[in-house]
1. Taking residue 156, is it loosely packed, with under 13 Cβ neighbours inside 10 Å, within 19 Å of the chain's Cα centre (by Cα) and over 25 Å from residue 65 (Cβ atoms)?
2. Given the conditions (1) more than 25 Å from residue 42 (Cβ to Cβ); (2) not in a strand (DSSP E or B), which single one is not true for residue 142?
3. Tell me whether segment 152-159 contains one or more residues that are in contact (Cβ under 8 Å) with a residue 24 or more places away in the chain, in a strand (DSSP E or B), in contact with a strand residue (DSSP E or B) (Cβ under 6 Å, 6 or more places away or on another chain) and closer than 30 Å to residue 105 by Cα.
4. Going by what's in this entry, would residue 64 be described as surrounded by 14 or more Cβ atoms within 10 Å (Cβ to Cβ), outside any strand (DSSP E or B) and either touching a helix residue (DSSP H, G or I) at 6+ places or on another chain (Cβ under 8 Å) or modelled with pLDDT under 85 (or both)?
5. Counting residues that are at pLDDT below 95 and buried (at least 20 other Cβ atoms within 10 Å of the Cβ), which strands (runs of 3 or more DSSP E) fully inside segment 162-227 reach at least 2?
6. Quick check on this structure: which one of 208, 194 is touching a strand residue (DSSP E or B) at 6+ places or on another chain (Cβ under 8 Å) and in contact (Cβ under 8 Å) with a residue 60 or more places away in the chain?
7. Can you pull out every residue in segment 46-56 that is modelled with pLDDT of 85 or more and either on the phi < 0 side of the Ramachandran plot or part of a loop (DSSP other than H, G, I, E, B) (or both)?
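The values are calculated or read from the model by the stated rules, or taken from the named source; none is laboratory data. None of the values given here were measured: they were computed from a predicted structure. Neighbour counts run over all protein chains shown; Cβ positions are idealised from the backbone, glycine included.
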């Protein structure tokens, strides 16, 4: 639906961006977040993208369009598409995109065990020789949201740095647990979730959300690392915290 794959089961709803960029002439407001997602639990927006800074300033609008401002993977601190720097082109089309990418391997399934969606994109292939595939699923037996981010290198001699960001809505707290591979997400006084990943470097960082004509403070869970092998799977999950 409009480039979104919607996963829904009981208290869990996920909006998964599986759309390709618009044509250059329609891209002046495009936010570059291939395979980004937003997640609602029990009516509360937990994972979000960082809003849109159109009514704040030109700088805020540009920041809100970068891949790092979306809840998805970025490589070497680079956005998945470049933005036009030519003043004549900007005058004609606005701050439009300068390149594009393809979405492929899209699948959606809803069965007795889970509702899931998977897609891949090639935005980083030319520059960093790497593709990104993401699978999101809601398991129906325990209502766990699980994810798998696969980095697929097309050449072995390129080392890359990856960051997978999970921006949290303003007002939601988060703290890394003692184990170091999980974070407690505090939705309210008596309601919390646990974000967990295995064998990855996890951090909770300060971020910003651009909305309501102002800049709001929020937090971001980030999974980071370096990739030298041909491919790698990063698995993570978000589930209800049972005290």
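1. Numbers: loosely packed, with under 13 Cβ neighbours inside 10 Å: yes; within 19 Å of the chain's Cα centre (by Cα): no; over 25 Å from residue 65 (Cβ atoms): yes.
For residue 156, the condition - loosely packed, with under 13 Cβ neighbours inside 10 Å, within 19 Å of the chain's Cα centre (by Cα) and over 25 Å from residue 65 (Cβ atoms) - is not met.
2. Residue 142 satisfies all of (1) more than 25 Å from residue 42 (Cβ to Cβ); (2) not in a strand (DSSP E or B) except (1).
3. The initial filter retains those residues of segment 152-159 that are in contact (Cβ under 8 Å) with a residue 24 or more places away in the chain, namely 152-156, 158-159.
Filter again for in a strand (DSSP E or B), leaving 152-153.
In the following step, the residues that additionally are in contact with a strand residue (DSSP E or B) (Cβ under 6 Å, 6 or more places away or on another chain) were identified as 152-153.
Within this subset, residues satisfying the condition of being closer than 30 Å to residue 105 by Cα are 152-153.
For segment 152-159, residues in contact (Cβ under 8 Å) with a residue 24 or more places away in the chain, in a strand (DSSP E or B), in contact with a strand residue (DSSP E or B) (Cβ under 6 Å, 6 or more places away or on another chain) and closer than 30 Å to residue 105 by Cα: present.
4. Numbers: surrounded by 14 or more Cβ atoms within 10 Å (Cβ to Cβ): yes; outside any strand (DSSP E or B): yes; either touching a helix residue (DSSP H, G or I) at 6+ places or on another chain (Cβ under 8 Å) or modelled with pLDDT under 85 (or both): yes.
Yes; evaluated as a whole, the condition is true for this residue.
5. Values: elements: 173-176, 182-188, 191-197, 201-211, 214-227.
Ranges flagged: 201-211.
6. On the way: 194 fails: in contact (Cβ under 8 Å) with a residue 60 or more places away in the chain.
After ruling out the rest, the residue left standing is 208.
7. First, the residues of segment 46-56 that are modelled with pLDDT of 85 or more: 46-52.
Matches in segment 46-56: 46, 47, 48, 49, 50, 52.
Each row is one residue, and each column tells you yes or no for (1) closer than 24 Å to residue 164 by Cα; (2) modelled with pLDDT of 90 or more; (3) surrounded by 18 or more Cβ atoms within 10 Å (Cβ to Cβ).
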{"site": "5", "(1), (2), (3)": "yes, yes, yes"}
{"site": "10", "(1), (2), (3)": "no, yes, no"}
{"site": "18", "(1), (2), (3)": "yes, yes, yes"}
{"site": "26", "(1), (2), (3)": "no, no, no"}
{"site": "32", "(1), (2), (3)": "yes, no, yes"}
{"site": "37", "(1), (2), (3)": "yes, yes, yes"}
{"site": "40", "(1), (2), (3)": "yes, yes, no"}
{"site": "44", "(1), (2), (3)": "yes, yes, no"}
